[in-house]
Amino acid sequence: MATQTLADRQLLGFDLETTSADPRTARIVTAAIVPAGGQALTWLADPGVPIPAEATAIHGITTARARAEGAPAREVAWEVRWALERLWSEGGVVVAYNASYDLTLLAAELRRHGLPPLPLGPVLDPLVLWRHAERYRRGKKTLGDAVERFGITLTDAHSALADAQAAVEVTRALDALVGWSAWTPDEAMRRQAAWHREWATHFAEWFTSVGGDASGVDPVWPMGEARSRAA
């Protein structure tokens, strides 16, 4: 199994919709894991804190709905962790757009609730792949930009289910540019970690040069550095 390339592995779309942009303090609101050709797994959580209006404007989940219909945050964090661990153990590859956000956030939620840490398996991050493949392409590289660039239909954007599905399709399209299907899992992790670190270093240098605060640019992928501000 160790020498098997990613071409032989099942891709699993993964996405979280949350309460804020900071993965160390944000809480899970919705989650989805979408095995290619398999049954999607979805969750709605009561995050235990109010959902800010700006977050609701993105994913559509209000505090009232989360409290009325959502499962306890601890339960959702555990179930997502358990599902990822099981699917990795079966040979799957998790695909997440900006994976360092989702995996760092999940790790913080697990710590917050006193749950065992996530045992990391192979990950493909189409954001990291796209940044490397078309590093000189101007403009943003959000998931919305990616689906437009690669001619993929994204309906119900910012729902965890739709975004997870779209991330898989973008990743498939990127194989023609970076050839990830020929990599082993270990090679995939090494390449993406190095590419992300390279991007983060250059971005932080540029951001600092124009007077910005680059302290939030995390060079670690796919699970960001633990920081004391997690709460």
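The values are calculated or read from the model by the stated rules, or taken from the named source; none is laboratory data. Keep in mind that this is a model prediction, so the values were computed, not measured. So basically every Cβ, Gly included, is an ideal-geometry build from the backbone, and we count neighbours across all protein chains shown.
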Self-check item: Selected residue (only one of ALA68, ALA83 is of a type in the set (A, V, I, L, M) and in contact with a strand residue (DSSP E or B) (Cβ under 6 Å, 6 or more places away or on another chain))
Solution: ALA83
Quiz item: Quick one: PRO185 ticks every box in (1) touching a Gly at 6+ places or on another chain (Cβ under 8 Å); (2) at pLDDT below 95; (3) not basic (Lys, Arg) bar one, so which box is it?
Solution: (2)
Quiz item: Looking only at segment 1-24, which residues are in a strand (DSSP E or B) and not hydroxyl-bearing (Ser, Thr, Tyr)?
Solution: LEU11, LEU12, GLY13, PHE14, ASP15, LEU16, GLU17
Exercise. Output yes when any residue across segment 129-137 is assigned to a helix (DSSP H, G or I), charged (D, E, K, R) and in contact (Cβ under 8 Å) with a residue 40 or more places away in the chain, and no when none is.
Key: yes
Quiz item: Regarding THR42, is this residue in contact (Cβ under 8 Å) with a residue 40 or more places away in the chain, surrounded by fewer than 17 Cβ atoms within 10 Å (Cβ to Cβ), touching a helix residue (DSSP H, G or I) at 6+ places or on another chain (Cβ under 8 Å) and farther than 13 Å from GLU109 by Cβ?
Solution: yes
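Please specify each residue of segment 25-72 satisfying the condition of being part of a loop (DSSP other than H, G, I, E, B) and within 18 Å of LEU87 (Cβ to Cβ).
ALA36, GLY37, GLY38, GLN39, ALA40
Table: residues versus (1) touching a residue at least 24 places away in the same chain (Cβ under 8 Å); (2) surrounded by fewer than 14 Cβ atoms within 10 Å (Cβ to Cβ).
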position	(1), (2)
ILE51	yes, no
ALA55	yes, no
HIS59	yes, no
THR63	no, no
GLY70	yes, no
ALA77	yes, no
VAL80	yes, no
ARG86	no, yes
Exercise. Under 6 Å between Cβ atoms, at least 6 apart or on separate chains: pull out the pairs that start in segment 205-229 with a residue that is modelled with pLDDT of 90 or more and end on any residue that is loosely packed, with under 13 Cβ neighbours inside 10 Å.
Key: ASP218/GLU225
Quiz item: Exactly one of (1) within 24 Å of TRP183 (Cα to Cα); (2) modelled with pLDDT of 95 or more; (3) crowded, with 18+ Cβ neighbours inside 10 Å is unmet by ALA108. Its number?
Solution: (1)
Exercise. Scan segment 142-173 for residues that are more than 16 Å from LEU16 (Cα to Cα), surrounded by fewer than 19 Cβ atoms within 10 Å (Cβ to Cβ) and of a type outside the set (A, V, I, L, M, F, W, C) and jot them down.
Key: ASP145, GLU148, ARG149, GLY151, THR153, THR155, ARG172
Exercise. Determine if segment 174-191 includes at least one residue that is loosely packed, with under 15 Cβ neighbours inside 10 Å, more than 20 Å from the chain's Cα centre (by Cα) and in contact (Cβ under 8 Å) with a residue 12 or more places away in the chain.
Key: yes
Quiz prompt | Looking only at segment 94-115, and only at residues there that are in contact with a helix residue (DSSP H, G or I) (Cβ under 6 Å, 6 or more places away or on another chain) and in contact (Cβ under 8 Å) with a residue 60 or more places away in the chain, the one that is nearest to THR142 (Cα to Cα) | solution = TYR97
